[in-house]
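To start, the structure itself, in structure tokens.
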Amino acid sequence: MFIDSAKEIFVADAYNNRVQRFSRNRAPLVIGSAGNDDGELKVADAVAVGPSGRLFVADFENSRIEIFDTTGAWLGLFGGKGSAPGKFDRPTDIAIAPDGSVYVVDFGNNRIQRFKLIREEL
């Protein structure tokens, strides 16, 4: 679960393969759906919102981080299955530092990886 600066609540609904947004001022929103394609999730374990308002979702079974905007539009992803730097084996949690660094708990590889986004639009 993550609460952003607008007091919207984002919940990683793991086994329903989605993130839900709850807000006082907007209707509830479902982000993502079950699957392996872009914008699809397979066990959405964690969600965090970055400084630019982008949602980062730990996609456990697909071993990647999916990126959405707050309306649910898919923007991109990074990671993928593996043990090399930048790859994951079942990420379970995610946090974003004030400087925009993205920290991912890489469960299957017994590590935490740090990423610095190059392009602000992601």
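Okay, residues lined up against (1) in a loop (DSSP other than H, G, I, E, B); (2) closer than 15 Å to A95 by Cα; (3) open to solvent by 10 Å² or more (accessible area, probe 1.4 Å); (4) not small (G, A, S):
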| position | (1), (2), (3), (4) |
| --- | --- |
| A12 | no, yes, yes, no |
| N25 | yes, no, yes, yes |
| N36 | yes, no, yes, yes |
| A46 | no, yes, no, no |
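In the condition set (1) of a type in the set (S, T, Y); (2) over 19 Å from A6 (Cβ atoms); (3) out of contact with any Phe, Trp or Tyr (no Cβ under 7 Å at 6 or more places or on another chain), S63 is compliant with all but (3).
Across segment 51-65, the number of residues qualifying as of a type outside the set (F, W, Y) and either more than 11 Å from the chain's Cα centre (by Cα) or farther than 14 Å from I96 by Cα (or both) comes to 8.
For the condition open to solvent by 60 Å² or more (accessible area, probe 1.4 Å) and either among the hydrophobic types (A, V, I, L, M, F, W, C) or within 15 Å of the chain's Cα centre (by Cα) (or both), K87 qualifies.
For G82, the conditions (1) open to solvent by 30 Å² or more (accessible area, probe 1.4 Å); (2) farther than 23 Å from S5 by Cα; (3) of a type outside the set (D, E, K, R) are fulfilled apart from (1).
Of all residues in segment 68-93, those that are within 13 Å of V104 (Cα to Cα) have Cβ atoms under 8 Å from Cβ atoms of residues that are open to solvent by 30 Å² or more (accessible area, probe 1.4 Å) and hydroxyl-bearing (S, T, Y), 6 or more apart or on another chain, in D89/S83. If you go through segment 91-120 and keep only what is under 23 Å from I31 (Cα atoms), at pLDDT 95 or above and open to solvent by 80 Å² or more (accessible area, probe 1.4 Å), you end up with just Y103.
The values are calculated or read from the model by the stated rules, or taken from the named source; none is laboratory data. All of these numbers come straight from a predicted model, not from anything done at the bench. Using ideal geometry, Cβ is built from the backbone for each residue, glycine included, and neighbour counts are taken over all protein chains shown. Accessible surface is based on the protein model in full, side chains and every heavy atom, while ligands, DNA and RNA are left aside. Shrake-Rupley method; radii C 1.70, N 1.55, O 1.52, S 1.80 Å.
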